[in-house]
1. How far apart, in nm, are the 7 Å Cα→Cβ label points at E4 and E42?
2. From zero outward in steps of 10 Å, how is the percent of C-alpha pairs of the chain spread across the bins?
3. Magnitude of the Cβ-charge dipole of the chain, K/R +1 and D/E -1, about the Cα centre, nearest 20 debye?
4. Between the helical axis of 53-71 and the dominant principal axis of the chain, each derived from Cα atoms, what acute angle in degrees is found, rounded to the nearest 10?
5. Sorted by average packing, counted as other Cβ atoms within 10 angstrom per residue and highest first, what order do 31-37, 60-66 take?
Amino acid sequence: MEHETSKGYALWGHAIAQQQGLLTSDRYAASGTITRDQKFVEASGILGWFDTEAEAQDAGLAWARAWVDNHG
């Protein structure tokens, strides 16, 4: 899980490992969460599937940044 702050919000990018099968590599579902003053504000749901944990976390953070830019 990656974390950063923006405009007083805490932004979280999540990577949720999903094993496709025994003979295939893991993939990661991306999601984002936003909190403020340690209280839940918004969550994205699944944003897409990625080959690496870092790509999924980055996608979650990008979604959270965009949300803050539009609502914060």
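1. Result for the modelled spin labels: 1.7 nm.
2. In order of increasing distance, the bins hold 24, 47, 21, 7, 1 percent.
3. Once rounded to the nearest 20, the dipole reads 260 debye.
4. Compared with the principal axis, the helix lies near 30 degrees.
5. Final packing ranking: 60-66, 31-37.
FYI, it's all coordinate maths here, none of it is from the lab. Keep in mind the model is a prediction, meaning the values are calculated, not measured. Note that each Cβ is placed from the backbone with ideal geometry, even for glycine, and that neighbours are counted across all protein chains shown.
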